[in-house]
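A short write-up of the structure that comes next.
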Number of protein chains: 2
Amino acid sequence: MTATPAPSPEAPAAGDFLRLDEQICFSLNAASRAFGGVYRVLLKDLGLTYPQYLVMLVLWEHGELPVKKVGEHLRLDSGTLSPLLKRLETAGLVRRERSARDERSVQVGLTEEGAALRERALSVPRRIAAATGADLEEIRELRARLDRLTAALDEAALSEAPGCT
Amino acid sequence: MTATPAPSPEAPAAGDFLRLDEQICFSLNAASRAFGGVYRVLLKDLGLTYPQYLVMLVLWEHGELPVKKVGEHLRLDSGTLSPLLKRLETAGLVRRERSARDERSVQVGLTEEGAALRERALSVPRRIAAATGADLEEIRELRARLDRLTAALDEAALSEAPGCT
DNA sequence: AGCAATTTAGTTGTGCACAATTAAATTGCG
DNA sequence: CGCAATTTAATTGTGCACAACTAAATTGCT
């Protein structure tokens, strides 16, 4: 009575959605972790984890930034970034210093070593692209869909937050 | 010389890939976390985290399974599942017992309470679908693309593992 | 039977994600 | 100015992901 798979050969029963459901978000989750596995291998040489690599990308592109801005680029808060940045600092890739203009904010910048690491990272995107086995156009479209999805979900999370029905 | 953004207004320089790169996998990562936020809200009522919900989906669909099989369905290993299942057991949703036939394996099954929880989960997929703002067809196609991507990445990870150039 | 290789869970340690809280500096308003 | 509200990082605590390792049972081979 409890865990019978419930054949239901003709009508799409309500329970079927629990299977479909798994596939929608689980596919995303699995793809994200599969990427993680490939990045882990490629980034090992550089001594970076994938989230650390994302931070380095932001710094390589924008130069010195306050923690807040780094978090906005990556959709991460200080609870994640503070320890991560501390590890990058310990590794000698990043400098952190309180802003003189606003003592609340901490400016994050690259050390020479951190800036130099960019050269060794240049081959990563091509190798990742090769691992996906997809052409640039497909990747672009997939990215667009995912960004739309993220925007819709963030929107929904906002209206869900209080007591909105 | 170090952190200059490097304008390069006409030629697609090698460094541009470091931006594109961010967008490929970061979009995926961001979408996955955005889903996590929506699920977190919806599953709070049920007292489940998203990974715990995935485990419950597997058990609702397949009934009693060894830990190994649960892991195969979800692409997770015992390092993740053992503590997670222990929490579900503490919550009274799941039973764990050593198989008599093979003392190495642990069978995971639903308690009555765990089986009953399924009823309250039936509304989740619909509410998630609503939050995505996408129709079923788009979701299906996206899922197919992601699954292909995951397969390609897993494939690549395998040939990358030893010393394959 | 005897023993090495394999399989299955669990444990340990590192790092990330995120909610909740804290502390300090800044801003805004009367 | 004086003080409440806001902003910014950091900290704390929970849970997940995964690599590396351990322990125990099973399988396979001779």
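Buried accessible area between B and A (1.4 Å probe, both chains summed, ligands and nucleic acids excluded), in Å² to the nearest 100?
6500
Among B:Ala152, B:Phe35, B:Leu18, whose Cα sits farthest toward the positive end of the charge dipole of chain B (+1 at Cβ of Lys/Arg, -1 at Cβ of Asp/Glu, about the Cα centre)?
B:Phe35
For region A:44-60, what does the Karplus curve 6.51 cos²θ - 1.76 cosθ + 1.60, with θ = phi - 60°, yield as ³J(HN,Hα) per residue in whole Hz, taken in order and with x for Gly and Pro?
4, 3, 7, x, 10, 8, 5, x, 5, 4, 4, 4, 4, 4, 5, 6, 4
Taking the rotation that carries A onto B, look along its axis and tell me which residue of A has the beta carbon nearest to it, distance in whole angstrom.
A:Ser32, 2
Report the one residue of A:Ser78, A:Thr111, A:Ala100 whose Cα lies farthest in the direction of the positive end of the charge dipole of region A:58-129 (charges on C-beta: Lys and Arg +1, Asp and Glu -1; origin at the Cα centre).
Projecting each Cα onto the dipole axis, the largest value belongs to A:Ser78.
May I ask you to report, in nm to one decimal and beginning with the shortest, the distances from B:Lys44 to the same position in the other copies, taking label points 7 Å along Cα-to-Cβ?
With the label placed 7 Å along Cα→Cβ, B:Lys44 yields 4.0 nm.
Taking A:Lys44 as the anchor, which lysines have their alpha carbon closer than 19 Å to its alpha carbon, excluding any fewer than eight residues away along the same chain?
Qualifying lysines at Cα under 19 Å: A:Lys86.
Using the 7 Å Cα-to-Cβ label point, sort the distances from B:Thr90 to its equivalents in the other copies shortest first and give them in nm to one decimal.
2.7
Just to confirm the numbers: B:Asp102, label point 7 angstrom along the Cα-Cβ line, distances to the other copies in nm, shortest first?
5.9
Expressed as a whole percentage, what fraction of the accessible surface of the protein assembly as shown belongs to carbon and sulfur atoms when a 1.4 Å probe is rolled over the protein heavy atoms?
Roughly 53 percent, rounded to a whole number.
Across peptide B:117-124, how many C-beta atoms of other chains are within 10 Å of each residue C-beta, on average?
3
Using Cα pairs closer than 8 Å and at least 6 residues apart in sequence, work out the relative contact order for chain B, in percent. Mind showing how you got there, number by number?
Numbers: 93 pairs, mean separation 27.1, N = 165.
Normalised by residue count, the contact order of chain B is 16 percent.
Find the accessible area per residue for the protein assembly as shown; the probe is 1.4 Å, ligands and nucleic acids are left out, and the unit is Å².
That works out to 56 Å² for each residue.
The values are calculated or read from the model by the stated rules, or taken from the named source; none is laboratory data. Everything numeric in this text was worked out from a predicted model, so none of it was measured. Neighbour counts are summed over all protein chains in view; Cβ atoms, including those assigned to glycine, are modelled from backbone coordinates with ideal geometry. Keep in mind that these areas ignore ligands, DNA and RNA; they rest on the heavy atoms of the full protein, side chains included. Shrake-Rupley method; radii C 1.70, N 1.55, O 1.52, S 1.80 Å.
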